[in-house]
Protein chains: 2
Amino acid sequence: MSDLETSMVSIIDVFHKYSGHKCHLKKAELKDLINHEMRHFIKKVQDDETLGQLFSDLDRNGDEKINLREFMTFIAQVSSACHDLSLMHD
Amino acid sequence: MSDLETSMVSIIDVFHKYSGHKCHLKKAELKDLINHEMRHFIKKVQDDETLGQLFSDLDRNGDEKINLREFMTFIAQVSSACHDLSLMHD
């Protein structure tokens, strides 16, 4: 596989590391994933209000779970934001 | 950086490899990227009609260029589709 394909698979693997076999993330799992795997890109999620707002923003279909598609949309948003920030500092 | 962060940066790097400093992809660059970096996930893009349709689907703001945000949305869609396919074969 190419570097791009390997990276895509790696992101899916990290999702599964926190979702387990049920293939979706609950609030606590999303919080753990962000705080352990995205420390350089996102400020630590501490309070329930911040977590609740983020979770509902990502939960597009409103089923109280974050599926892979919703998670990948989140990754796309964070990547784009980081990229835009890096351009501002160039 | 974590594996997730490294993968996100790696995807942005591949985008830049094909966009160059102008930070967006033209049709030919998108075609090259797909055909060289996504061979295991996407059938080779051959004809202009397929490329044109894909390009217009991704070009959400209609500026005839694919920016990083639009590219990351594409990556999210392909990753989710591959994931759904892999679940069907489990």
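Would you mind getting me the FRET efficiency between residue B:23 and residue A:49? Use the beta-carbon distance for r and R0 = 41 Å, nearest 0.05. If you can, show how the numbers build up before the last one.
Numbers: r = 35 Å, r/R0 = 0.86.
After rounding to 0.05, the efficiency reads 0.70.
Quick one: with label points 7 Å out along Cα→Cβ, list the inter-copy distances for residue A:40 in nm, shortest first?
2.4
At residue B:56, label 7 Å along Cα→Cβ: distances to the other copies, nm, ascending?
Between copies, matching label points for residue B:56 lie 3.8 nm apart.
Measuring from a point 7 Å out along Cα→Cβ, what nm distances, shortest first, does residue B:20 have to its partners in the other copies?
List, nearest first: 5.1 nm.
Please give the solvent-accessible surface of residue A:18 in Å², to the nearest 10, using a probe radius of 1.4 Å with every protein chain present.
40 Å²
The values are calculated or read from the model by the stated rules, or taken from the named source; none is laboratory data. This one's a predicted model, so the numbers in the text were calculated from it and none came from an experiment. When we count neighbours, we look across all protein chains shown, and the Cβ atoms used for this are built from the backbone with ideal geometry, even at glycine. What goes into the accessible areas is simple: the full protein's heavy atoms, side chains included, and nothing from ligands, DNA or RNA. Shrake-Rupley method; radii C 1.70, N 1.55, O 1.52, S 1.80 Å.
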